[in-house]
1. Would you be able to say whether some residue in segment 46-64 is in a helix (DSSP H, G or I), open to solvent by 50 Å² or more (accessible area, probe 1.4 Å), free of Cβ contacts under 8 Å to residues at least 60 places away in the same chain and among the polar types (S, T, N, Q)?
2. Which of the residues that make up segment 1-27 are exposed (fewer than 14 other Cβ atoms within 10 Å of the Cβ) and modelled with pLDDT of 85 or more?
3. Regarding segment 79-94, can at least one residue be identified that is free of Cβ contacts under 8 Å to residues at least 24 places away in the same chain and either open to solvent by less than 80 Å² (accessible area, probe 1.4 Å) or not in a helix (DSSP H, G or I) (or both)?
4. Any residue in segment 76-83 that is farther than 25 Å from D6 by Cβ and among the hydroxyl-bearing types (S, T, Y)?
5. What's the number of the only condition in (1) charged (D, E, K, R); (2) surrounded by 15 or more Cβ atoms within 10 Å (Cβ to Cβ); (3) farther than 21 Å from F42 by Cα that R132 fails to meet?
6. Picking from G137, G102, G120, which residue would you name as being open to solvent by less than 20 Å² (accessible area, probe 1.4 Å) and either farther than 21 Å from G48 by Cα or aliphatic (A, V, I, L, M) (or both)?
7. Looking only at segment 123-139, how many residues end up being over 17 Å from the mean Cα position of the chain (by Cα), assigned to a helix (DSSP H, G or I) and without any contact (Cβ under 8 Å) to a residue 24 or more places away in the chain?
Amino acid sequence: IHRAADTPTFLLCFEVLTRMPPMAAYWTWFAVTVVAFLTALFLLVGPGSSLKVRGGLALVALAIVYPPVHQHFYYAQSQILILLLIALMMRWLEHGKDAVAGLILALAGLLRAYPLLLLGYLIVRRKWRALRWAAIGIAAGGIITLVLVGVGRSFSFLDAIGIAGPTGIFGVPARFSMSRWNPSIYIFFQRL
């Protein structure tokens, strides 16, 4: 995983697509993301929301023509799957299903690390049960990933994204970290 910027759990979950012919894998993934997109839109603007029908339809139309959504499908990215997981988490929290919401957040965080920022939301809202289940889900998913992928490969992800590694600050090669275009305060003072 030395060059992958995806989490080891993401790579593990989507390894099945690599065993398919490229066109079949692309169209399978395309179908999965279309279903995820439509389901997420239904959860966000459907009957469970406080939007009226016309407002919801207008938001759906705007979401469909939004250029980043087009780019998402064109490049077959995974953010819409995360959107669905976050929308599901939101709905389960509204219905008092904190354990399921926490586990869904854990899955989203294991697939793409940035949803873990929502742990702060759970803390602010004092959703301790959801937070506890998210921690359990992250730990269990992390252990499963370590067992199936391997410790070395799993932690090589940190090197690939520049958080750890033998070169530079947080693994960023010196030619990038010391560049005059790097706006980091730490690098600015180090250059001085």
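1. Within segment 46-64, not a single residue is in a helix (DSSP H, G or I), open to solvent by 50 Å² or more (accessible area, probe 1.4 Å), free of Cβ contacts under 8 Å to residues at least 60 places away in the same chain and among the polar types (S, T, N, Q).
2. E15, V16, T18, R19, M20, P21, P22, M23, A24, Y26, W27
3. no
4. Restricting attention to segment 76-83, the residues satisfying the condition of being farther than 25 Å from D6 by Cβ are none.
Within segment 76-83, none of the residues are farther than 25 Å from D6 by Cβ and among the hydroxyl-bearing types (S, T, Y).
5. For R132, the failing item is (2).
6. Numbers: G102 fails: either farther than 21 Å from G48 by Cα or aliphatic (A, V, I, L, M) (or both); G120 fails: open to solvent by less than 20 Å² (accessible area, probe 1.4 Å).
Testing whether each residue is open to solvent by less than 20 Å² (accessible area, probe 1.4 Å) and either farther than 21 Å from G48 by Cα or aliphatic (A, V, I, L, M) (or both) leaves just G137.
7. Of the residues in that region, 3 qualify.
The values are calculated or read from the model by the stated rules, or taken from the named source; none is laboratory data. Because the structure is predicted, anything quoted here is derived from the model rather than measured. Positions of Cβ are generated from backbone atoms using ideal geometry, with glycine treated the same way; all protein chains shown enter the neighbour counts. Ligands, DNA and RNA are stripped out before the accessible areas are found, and what is left, the full protein with its side chains, is counted by its heavy atoms. Shrake-Rupley method; radii C 1.70, N 1.55, O 1.52, S 1.80 Å.
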